[in-house]
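Worksheet: the structure to be examined is printed underneath.
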Amino acid sequence: MNKNLEIIYSPKYEVNLMEHPFDTKIYRLIKEKIQKEFKNIYFIEPSPVKIEYLLEVHTKEYIEKILNLNLSLEEILQLEIPLNREIVNSFLITVNGTILASDVALKKRIGLHIGGGFHHAYSDHGEGFCVFNDIAVAIKYLKKKKIRKIAVIDCDVHQGNGTAKIFQDDKDVFTFSIHQKDIYPIPKEKSTLDIELNPNTTDDEYLNILEDALKKIEKFSPEFIFYQAGVDIYEYDQLGGLKITKEGILKRDKLIYEFFKQKPIVVTLGGGYALDINDTVELHYNTLKIFINGYFDEDN
């Protein structure tokens, strides 16, 4: 019997952020690359998230501000992206995209989202290109489905500060962030486990540290994993200072896949701002390819 895999994607993720290191056309280019390389892949386009789901994480006041495009200049500067109806709609769709990826993961073990990972959004404000925290909303959604122990493996170059803060008092959510120590966000929040890396950290050191951390997460015995697969650890990224090669990022993805391939896992793309957009697309594609191949190679 032929297997198939649903992947979450919307053309509405591609929005105009003006001159900006975050180039949203990467999502379309990644989708096209997958479409060209794989058969038995079906793309699901999300609708905007229900407000009741957003309210599980974000305050009513903040949601209304965003929906009414009513942020102050200071709040827009903190967000670091323009705010208009198209961008708000894109984020509403993205949040539901990560929820849908969670549903796919419950059924098929792997839920892939060509988008998502907006981990800097707090309950009462957005920052660092992040309006709503899709990972946090999806976690709350899963908890209503009686999934109790959830781990977030956040490998962005920047700490997942919003996610850490939202779940700081929830012992059933293990927030792990491995990030560069001397860059945004400053100050940082306290995750369940934080690993701060010096600038210029290279592949071998990174992978050894990560493997030790994954063993600690394994002891938590999570029922469900969110993998924030940021590729802004790449040596030629505009916003990071680590020296991880393309091969190093591929090894990272394989390591995480192998550790948790028996668990339902959602992959969100997170950050990636390489000097050459083709590198960003390739790196994100390589991550998704590990999980796609893992799914199709699995004996069912």
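Based on Cα contacts under 8 Å between residues 6+ apart, the chain shows a relative contact order of 19 percent. Annotation: amide H of Phe224 within the under-5 Å range of Ala151, sequence separation 5 or more or interchain, hydrogens built in the peptide plane.
Determine the shape class of the range 1-125: with a ≥ b ≥ c the square roots of the Cα gyration tensor eigenvalues, call it rounded for a/c under 1.5, and otherwise prolate if a/b is greater than b/c, oblate otherwise. Before the final figure, lay out each step's value.
On the way: a/c = 2.84, a/b = 1.61, b/c = 1.77.
Cα axes put the range 1-125 in the oblate bin.
The range 238-300 and the range 154-215 have Cα centres lying 17 Å from one another. A cut-off of 5 Å between modelled amide H atoms, ignoring neighbours fewer than 5 places along the same chain, links Thr175 with Val152, Thr192, Leu193. Considering only Ile7, Thr280, Leu29, the residue lying farthest towards the positive end of the dipole of the chain is Ile7, judged by Cα position with unit charges set on Cβ.
Taking amide hydrogens as placed 1.01 Å from N in the peptide plane, the amide H of Ala274 sits under 5 Å from those of Gln238, Thr280, each at least 5 positions away in sequence or on another chain. Of all DSSP bridge pairs formed entirely within the range 5-297, close to 5 percent run antiparallel. The count of lysine pairs in the range 143-204 with alpha-carbon distances below 20 Å, taking only pairs 8 or more places apart or on different chains, stands at 14. Where does the charge balance sit around Gln159 when Lys and Arg score +1, Asp and Glu -1, over other residues with C-beta under 13 Å from its C-beta? Surrounding charge for Gln159 is -4. Ignoring lysines fewer than eight residues from Lys12 along the same chain, the ones with Cα atoms less than 27 angstrom from its Cα are Lys25, Lys31, Lys33, Lys36, Lys39, Lys50, Lys60, Lys65, Lys107, Lys108, Lys140, Lys289. Helix-only arithmetic for the chain: the sum of -39500 (n - 2.57) across DSSP H runs with n ≥ 4, divided by the residue total, places the mean residue ellipticity at 222 nm at -13000 deg cm²/dmol.
The overall shape of the range 5-297, judged from the alpha-carbon gyration tensor, is rounded, with an a/c ratio under 1.5.
Values in this text are rule-based calculations from the coordinates and carry no lab data. Because the structure is predicted, anything quoted here is derived from the model rather than measured. With ideal geometry, Cβ positions are generated from the backbone for all residues, glycine too; neighbour counts draw on all protein chains shown.
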